[in-house]
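Just below is one structure, and these are the notes that go with it.
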Amino acid sequence: MDANLIETGTKEILSTHGKGHNKLVPILLDIQESFGYLPENSVRQVSDFLNVRIGQVYSVASFYKRFQLTPIGKRRVTVCRGTACHIRGAPQIVTEIENTIHLKEGETSADLEYTLETVACIGCCALAPVITVNKAVYGAMTPRTAKELFNDSSRGDKNA
Amino acid sequence: MSKLTINIDGKEVQAKSGDTILETALAAGKYIPHLCYCPGLKPEALCRLCLVEMADGELITSCRVPVVRGMVIKTKSPAIDRAVRPTVELLIKYHHERCAGCPASGHCELQTVMSHLKIDRKRVRRLRPPPAKRPIDVMNRCFDYDPNRCILCGICIRTCEAIHGESLLYYIGRGHETKVAFYGDEKKCETCLKCVERCPVGTLLAKNLIEAK
Ligand code: SF4
Ligand code: FES
C-alpha cells in the first residue's frame, strides 16, 4: 500500500481520538480495520501521537490475535482448531489446505491472495469441523470438500 | 530506621521497618523461593513463588508486603506447597530440559528454587510438551536472548526502566509464547548490560564483547 496513503489515513484516524493511553487499543482497531493490518509507519505515528514507546505499542498489538503486523491476503482462510473441530479432523483439513494453496499455517501468499490461519474456536461447534473464508462459513468439512473449495475457483470467488 | 521483630517459622527475627517480609527472611538466612524479586527494583509479584502463610492462614506474596511488628509467618505449609509447586513445575516444563551447558548453571535462581522444593524432574518430564525449540534471538551487538530459558520475570524490563527512565525492552506475544524483545529500538540501547547481569536464569547472554566491537 502507498506510504502516503497510510500516513494520511493514520493521521485521519488519530484526529478522531484523544491522547490518553487508554486510547491505544481503539486506535489500533481503527487502523487494523482500514488497512487490514498495522503498518510499521502507522505504529510509529501512534507511538509519537500517544507518546508511548514503539515497543509498548507492539507489545499490546502482539497480544491480540485480532491485530496483524503484516498485510493479509484477499481471502483470509481461518480453520477452527477448537476441541470439537480438532476431534472431527481439523488437523487433516489444515494439512489438505496447506497442500492445496501451498501455504503453511500463519502464512500469506506472495501475491496477497490467501492468508491461512487457525483459531481456537469460531463458535459454531455443531458445524465441526468448520472453516471460514473471509466472512463465509463452511461447516462439516472433510479434507476432500476443503480441497474442492480451493480448487474450484468460481466457488471461492463467490465468497471472497 | 526503627528495628522490630517478627516471627518466621517460630523464630524471632530482627527486621527493619520498611523492609519486605522476603528481604527480612533472606537477610536472616531463611530462604523463600523467589524469581521476580530483584533488590532495588519495585516488586511486581509476578512469579507467585514467594508465598508465605500468615497467622490466619492467608497466603501472601512476601516480596510485596512490608513487615509489621509482631507478624507471625510460616514459610512452609501444605497450603503453600499446593500453590507454589505446580507453578514451578509449569515453569520448568517450558524451560530447557537440561542444565548442562547453560551459562547460568550454578548461579541460576530456578535451580535454587528446584532444589529447595525438591522438584521431581521425572514428573516434570511427563508434563513436557513435545520439544519445539525456539531459535535464539540476536538482541543487539552485545547480547542474545534464548526464549527457551526465559521465565518472564520482567526483571530486565524493570531494570531498563529504572536505569534509563523508560524501558526499551517489552514483552511480545501472549501465553507461553511470550518473549522479551526490543522492537527495533535496539540501536538506542546504551549497552549498560545491567539486564544481562540481573537475569535470574541464563536467558540473556552477553556476547564476547571484544569480538563484537
Ligand atoms: S530475559 Fe531474564 S530477566 Fe528478562 S524476563 Fe526473561 S528471565 Fe526475566
Ligand atoms: S518474588 Fe514475589 S512474586 Fe515473584
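The values are calculated or read from the model by the stated rules, or taken from the named source; none is laboratory data. Computed from a prediction, not measured in an experiment: that's the story for all the values here. Quick reminder, even Gly has a Cβ in these numbers, built from the backbone with ideal geometry, and neighbours come from all protein chains shown. With ligands, DNA and RNA removed, areas are computed over all heavy atoms of the protein, side chains included. Shrake-Rupley method; radii C 1.70, N 1.55, O 1.52, S 1.80 Å.
Annotations
- Among the residues of segment B:65-101, those identified as open to solvent by less than 60 Å² (accessible area, probe 1.4 Å) and either among the small types (Gly, Ala, Ser) or within 16 Å of ligand 1 (Cβ to nearest atom) (or both) are B:Gly70, B:Ser77, B:Ala79, B:Ala83, B:Thr87, B:Val88, B:Leu91, B:Ile92, B:Lys93, B:His95, B:His96, B:Cys99.
- Each residue in segment B:1-60 was checked for being within 14 Å of ligand 2 (Cβ to nearest atom) and surrounded by fewer than 14 Cβ atoms within 10 Å (Cβ to Cβ), and 4 of them qualify.
- Sole exception among (1) modelled with pLDDT of 90 or more; (2) open to solvent by 40 Å² or more (accessible area, probe 1.4 Å); (3) within 14 Å of another protein chain (Cβ to nearest Cβ) for A:Ser59, by number: (2)
- Segment B:44-64, residues that are in a loop (DSSP other than H, G, I, E, B) and either more than 14 Å from ligand 1 (Cβ to nearest atom) or within 14 Å of another protein chain (Cβ to nearest Cβ) (or both): B:Ala45, B:Arg48, B:Cys50, B:Ala55, B:Asp56, B:Gly57, B:Glu58, B:Ser62, B:Cys63, B:Arg64
- Residue list for segment B:158-180, restricted to those being within 11 Å of chain A (Cβ to nearest Cβ), aliphatic (A, V, I, L, M) and open to solvent by 20 Å² or more (accessible area, probe 1.4 Å): B:Ile172
- Segment B:65-82: number of residues that are assigned to a loop (DSSP other than H, G, I, E, B), touching a strand residue (DSSP E or B) at 6+ places or on another chain (Cβ under 7 Å) and farther than 22 Å from B:Leu4 by Cβ: 1
- Test result for B:Cys156, within 16 Å of ligand 2 (Cβ to nearest atom) and farther than 20 Å from B:Pro86 by Cα: yes
- Subset of segment A:13-55 [of a type outside the set (Asp, Glu), within 14 Å of another protein chain (Cβ to nearest Cβ) and open to solvent by 30 Å² or more (accessible area, probe 1.4 Å)]: A:His21, A:Asn41, A:Arg44, A:Asn51, A:Arg53
- Pairing residues of segment A:96-111 that are within 20 Å of A:Glu148 (Cβ to Cβ) with residues that are in a loop (DSSP other than H, G, I, E, B) and open to solvent by 80 Å² or more (accessible area, probe 1.4 Å), at Cβ distances under 8 Å and at least 6 apart in sequence or on separate chains, gives A:Glu98/A:Lys104; A:Glu98/A:Glu105; A:Ser109/A:His102.
- Segment A:63-90, subset among the aliphatic types (A, V, I, L, M) and in a loop (DSSP other than H, G, I, E, B), residue least open to solvent (accessible area, probe 1.4 Å): A:Ile72
- Residue match in segment B:90-99 (condition: more than 14 Å from chain A (Cβ to nearest Cβ) and within 15 Å of ligand 2 (Cβ to nearest atom)): yes
- Of the residues screened, A:Lys65 is one that is within 14 Å of another protein chain (Cβ to nearest Cβ) and touching a residue at least 24 places away in the same chain (Cβ under 8 Å).
Per-residue answers, yes or no, for (1) touching a residue at least 24 places away in the same chain (Cβ under 8 Å); (2) on the phi > 0 side of the Ramachandran plot:
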| residue | (1), (2) |
| --- | --- |
| B:Glu12 | no, no |
| B:Tyr31 | yes, no |
| B:Arg48 | yes, yes |
| B:Asp56 | no, no |
| B:Ser62 | yes, no |
| B:Val72 | yes, no |
| B:Lys118 | no, yes |
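- Filtered by the rule that a residue be modelled with pLDDT under 90 and of a type in the set (D, E, K, R), segment A:121-146 gives a lone residue, A:Lys135.
- Only a single item in (1) away from ligand 2 (no atom under 16 Å from the Cβ); (2) surrounded by 16 or more Cβ atoms within 10 Å (Cβ to Cβ) is not met by B:Glu109, and it is number (1).
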